[in-house]
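Chemist: Just passing along the structure, written as structure tokens.
Every number here is computed from the coordinates shown, using simple stated rules; none is lab data. Worth saying up front: this structure is predicted, and the values here are computed from it rather than measured. Quick reminder, even Gly has a Cβ in these numbers, built from the backbone with ideal geometry, and neighbours come from all protein chains shown.
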Amino acid sequence: PNTQGIIKGSDLFGYVGIEAAGFEFNIMVVGQSGLGKSTLVNTLFKSKVSRKSCTPNYEEKISKTVHLQSVSHIIEEKGVKMRLTVIDTPGFGDQINNENCWEPIVKYINEQYEKYLKEELHVNRKRRIPDTRVHCCVYFLPATGHWLRPIDVEFMKRLGNIVSIVPVIAKADTLTMEERLEFKQRIRQGLQANGIRVYPQKEYDEDAEERILNDRIRESIPFAVVGTDKEHQVNGNKVLGRKTKWGIIEVENVAHCEFAHLRDLLIRSHLQDLKDVTHNIHYETYRVRRLNESNA
Ligand code: GDP
Ligand code: MG
């Protein structure tokens, strides 16, 4: 039952795990090389999520320059098992001329919608359609302290219409507290000025309670994150951190950076909402467009 090419036949444990897990959640990370994407993916899996098993890496070349690397783990949150897959996109935006560099990524996202649509239209459709749709795209901004760059604007403008985007400031440990606050504010202004739609979007707040919760998130994006794959001893506890000459930056300590906010948003508080928005808004938009096309 190797439906997605991600699970090898021999990886029986992984497969059984997924069946038991009952659902999939797929996150994509995008940003230029060296911004700490791969490190953050490791951080996400190493941080306080309970990992049950791991399926092998899966690689695919989606254009001349952009590759896809995906890693899946079965994780358990509050007694609920799921398969969390993170798709890394090395090569994005690394060319001298980055014109149309978002194209392979747009294509990949749409292909997953197409796959799902085909399954839905299938007469003898599967009881449960394998879900490879990208539920969230985490976009890495370099911590320059300046403004959104043209490539950031172009990417997020295009992708904001087909997927939920969560922008983050990469390697935020390179900014002072003041710089961080100022940069975050500038980015929020830049997003608004360019009409960029990022998650969570106001239009989709369902009630007053959700609005209050989401307003707080909207006021604090982009999250300023720090990643690491090392653990250190702090007061007798093992913590994920970056050791510098002047101390340890604790990645999961909200006094140090906002990684924990990002993780909580993605795999705790907003996981179901991200899945709902993907299905009800982004996929639905794709589906309607495709069905109109074929009726024309
Ligand atoms: P990628 O090319 O986006 O996948 O970036 P990598 O994860 O390979 O990281 C590139 C380099 O930046 C490595 O040397 C990492 O150790 C370092 N790095 C990753 N995350 C951080 C961070 O949050 N802060 C700092 N200062 N360095 C980081
Ligand atoms: Mg990488």
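Chemist: Specify the longest stretch of the chain that does not include any exposed loop site, a site being one of the GluC sites (Glu not before Pro) with a non-H, G, I, E, B DSSP assignment and at most 16 other Cβ atoms within 10 Å. It would help to have the intermediate numbers written out before the result.
Modeler: On the way: sites that count: E99, E206.
Longest run free of exposed loop sites: 100-205.
Chemist: Now for a separate question. Please get the size of the charge dipole for the chain, origin at its Cα centre, with Cβ charges of +1 on Lys and Arg and -1 on Asp and Glu, quoted in debye to the nearest 20.
Modeler: Dipole of the chain, to the nearest 20 debye: 540 debye.
Chemist: OK, next. Relative contact order of the chain, please, whole-number percent, based on alpha carbon pairs below 8 angstrom and at least 6 residues apart.
Modeler: Numbers: 469 pairs, mean separation 49.3, N = 296.
The value is 17 percent.
Chemist: What per residue convex hull volume, in Å³, comes out for the range 183-236 when only alpha-carbon positions are used? Can you show the working numbers first?
Modeler: Numbers: hull volume 8.0 nm³, N = 54.
Taking the convex hull of the Cα positions in the range 183-236, it is 149 Å³ per residue.
Chemist: Cross-link candidates for K238: which aspartates and glutamates have Cα within less than 16 Å, leaving aside residues fewer than 8 places away along the same chain?
Modeler: D229, E250, E252
Chemist: Suppose every Lys and Arg Cβ carries +1 and every Asp and Glu Cβ carries -1, with no other charges. What dipole size does the range 153-285 come out with about its Cα centre, to the nearest 20 debye? List each step's numbers first, then the result.
Modeler: Details: 20 positive and 22 negative charges, 131 e Å.
Here the size comes out at about 620 debye.
Chemist: While we're here: Could you tell me the calculated FRET efficiency between R186 and K238, based on Cβ-Cβ distance and R0 = 35 angstrom, to the nearest 0.05?
Modeler: Numbers: r = 36 Å, r/R0 = 1.03.
Efficiency, from the Cβ-Cβ distance: 0.45.
Chemist: Compute the FRET efficiency between E219 and W246 as 1/(1 + (r/R0)^6), taking r as their Cβ-Cβ distance and R0 = 41 Å, and round to the nearest 0.05.
Modeler: Efficiency at R0 = 41 Å is approximately 0.85.
Chemist: Calculate how large, on average over all directions, the projected area of the Cα convex hull of the range 130-215 is; give the answer in nm² to one decimal. Intermediate values should be presented prior to the final figure.
Modeler: Working: hull surface 28.2 nm².
Mean orientational projected area (the range 130-215, Cα hull): 7.1 nm².
Chemist: Would you mind getting me the FRET efficiency between N97 and V254? Use the beta-carbon distance for r and R0 = 41 Å, nearest 0.05.
Modeler: Working: r = 40 Å, r/R0 = 0.97.
Once the sixth-power term is evaluated, E becomes 0.55.
Chemist: Of N253, L159, T39, which is farthest towards the positive pole of the chain's charge dipole, taken about the Cα centre with +1 and -1 on the beta-carbons of Lys, Arg and Asp, Glu respectively?
Modeler: T39
Chemist: Related question: Figure the gain on full extension for E210 and R289 (residue separation times 0.36 nm, minus the Cα-Cα span) and round it to one decimal in nm.
Modeler: On the way: separation 79, 0.36 × 79 = 28.44 nm, distance 2.95 nm.
Taking 0.36 nm per residue and subtracting the Cα distance, the gain is 25.5 nm.
Chemist: Can I ask one more? Within 10 Å, at most 13 other Cβ atoms, and a DSSP state outside H, G, I, E, B define an exposed site. Report the longest part of the chain free of exposed trypsin sites (Lys or Arg not before Pro). The partial results should precede the final answer.
Modeler: Working: sites that count: K8, K48, K64, K78, R125, K126, R127, R128, K245.
Answer from the scan: 129-244.
Chemist: In whole Å, largest first, what are the principal axis extents of the Cα atoms in the chain?
Modeler: If we take the Cα atoms of the chain, the spans are 62, 46, 45 Å.
Chemist: Something else now. Cα centroids of the range 69-141 and the range 148-188: how far apart, whole angstrom?
Modeler: 21
Chemist: Next up: Want the number for D264 to D276: 0.36 nm per residue separation, take away the alpha-carbon distance, what's left?
Modeler: Values: separation 12, 0.36 × 12 = 4.32 nm, distance 1.70 nm.
Difference between extended and current length: 2.6 nm.
Chemist: Considering only T176, T132, T65, give the residue with the highest GNM mean-square fluctuation for the chain, with springs between Cα atoms whenever their separation is below 10 Å.
Modeler: Taking springs between Cα atoms under 10 Å, the residue moving most is T176.
Chemist: Taking a threshold of 32 Å on the Cα-Cα distance, which of the pairs K61/K157; K64/K115; K37/K81; K81/K245 fall above it? Write down the numbers at each step before the final one.
Modeler: On the way: K61/K157 24 Å; K64/K115 23 Å; K37/K81 25 Å; K81/K245 40 Å.
Those over the limit are K81/K245.
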